[in-house]
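Have a look at the structure below before the remarks.
Values in this text are rule-based calculations from the coordinates and carry no lab data. Not measured: the values here are computed from a predicted model. Cβ sites come from the backbone with ideal geometry, for glycine too, and all protein chains shown count toward neighbours.
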Amino acid sequence: WGEDHPDEVFRCESGKYGIFWHGRIRAFADSPRDDPSRQAFAVPSYASAVYADEASSAIERAFREIETWPESKAVIGVYVNGGTDGQWLDLFDNSALPQRESADYSAASRRGFDDDRRQRGKPAVPIPTTAAFCPRARADFGEHADTPESEWREFYVRSAARMRLKFARAVKVATSRRILVGGYSPNAGLAGYALFAQTCAKWLLKSRDFDFFAVVPS
């Protein structure tokens, strides 16, 4: 999929593709080709409407088929995962090297950020550099912050939430809203980008298509 849609895949500032395996982005590569031997893949951009639409369509088709099975009556809920460890919606954690704690510089992300600012009456600006993000990413993140770093992160949070809600809506449509949809709770433990996860959860909780958070006691 990444080879067919190179503009829709996460890229670091140098233009290399973000390669995801074993719970987080661990490398960058010149090609988005998958490596099945280690279950590595070029991770889609959260800003990619193309990926969100195609993936949600696939989810809807799958659940329409599953609903025809007698065994489906034993299913009452679906857990939507993704991101670090299949839990958090961000793609990095505290063990990531500083150059990996970068923004998404894909074409999809650039277009989306421009559109987001335009809709809020602001002029287009480049996505800030990785060096600008790393020292102040957590301190600058705020609901109404006015730095480009914070504005991009908030845009990406909304993009991640919209993508997950499209997945949830696909399940609801396919099952005539019979099945509950939920995911991991960002309040259940620590995360590399806690505010990313918690702000994303806020958007998910506002939707009637997202029903529950699974809390892991620890």
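Extension gain, Ala27 to Ile66: 0.36 nm times the residue separation minus the Cα-Cα distance gives 10.5 nm.
For the chain, a Kirkwood radius taken over Cα pairs fed into Stokes-Einstein (4 °C, viscosity 1.567 mPa s) yields D = 72 µm²/s. Distance check, please: which entries in Lys73/Lys172; Lys122/Lys166; Lys16/Lys166; Lys73/Lys202; Lys166/Lys206 exceed 22 angstrom between their Cα atoms? The pairs that break the limit, which is 22 Å between Cα atoms, are Lys122/Lys166; Lys16/Lys166; Lys73/Lys202. Packing here is the average count of other Cβ atoms within 10 Å per residue, and on that basis the peptides 17-25, 65-73, highest first, run 17-25, 65-73. Calculated mean residue ellipticity at 222 nm for the chain: -11500 deg cm²/dmol, from DSSP H runs with n ≥ 4 weighted as -39500 (n - 2.57), summed, divided by the residue count and rounded to 500.
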